[in-house]
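First the structure, in the form of structure tokens, and then the observations on it.
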Amino acid sequence: VFEVLVPLLLGFATVLFAFAARINLWLQARAKARGRAGPQIGVTGVPLILTSIYGGYFGAGVGVLALAVLSVATAGDYRSANMTKNVVMGLNTLAASIVLAVQGAVSWPPTLVMMVGATLGGFLGGQLARVAPPAAMLSATATISPFRTCTSPRAKSPTLASIVRTMAPRMTNSP
């Protein structure tokens, strides 16, 4: 299921991300026409909750999905959307990690390696986000995401969920 679903979700997210500013303008105009100051929270809140649930379970491409939803919420402001995405994804990972650790389902050696990599990536990504022009980041994301979607038909992301899947046989054989 995920082999088919992930490329479709990433393709949808890429289109949403690329047209985020236009979608936001349309949502703003629609809200004004209905006598509201702006779009209701459900416009981005519900998709972000669904993205978070998906991310807590599987994780492949969840950053791109969250960035797309948050780009609509921020009228295409890449830096704000990316910063918010990082905080939301960090909280998602923390919540999933606590649940899985309490259940004894975490293989710690690869998890610790991923934690170091994520910390380094977060630091380097933050530095890049400060200096890179937002238009360049938008163009890069809108260009790379469809290429990655088209060239990676199988989603094999080394997420916490994939670590748990490798632990599943040991968990079912334990007393």
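The values are calculated or read from the model by the stated rules, or taken from the named source; none is laboratory data. This one's a predicted model, so the numbers in the text were calculated from it and none came from an experiment. Neighbour counts are summed over all protein chains in view; Cβ atoms, including those assigned to glycine, are modelled from backbone coordinates with ideal geometry. The area values use the complete protein model at the heavy-atom level, side chains included, leaving out ligands, DNA and RNA. Shrake-Rupley method; radii C 1.70, N 1.55, O 1.52, S 1.80 Å.
Worth pointing out:
- On full extension, the segment bounded by Ile144 and Trp108 gains 9.8 nm, given 0.36 nm per residue less the C-alpha separation.
- Rounded accessible area per residue of region 40-96, 1.4 Å, Å²: 46
- Label-point gap, in nm, between Val46 and Ala29 - each point 7 angstrom along Cα→Cβ: 2.2
- Note on region 1-79: the alpha carbon radius of gyration divided by the globular reference 2.2 N^0.38 Å gives 1.15.
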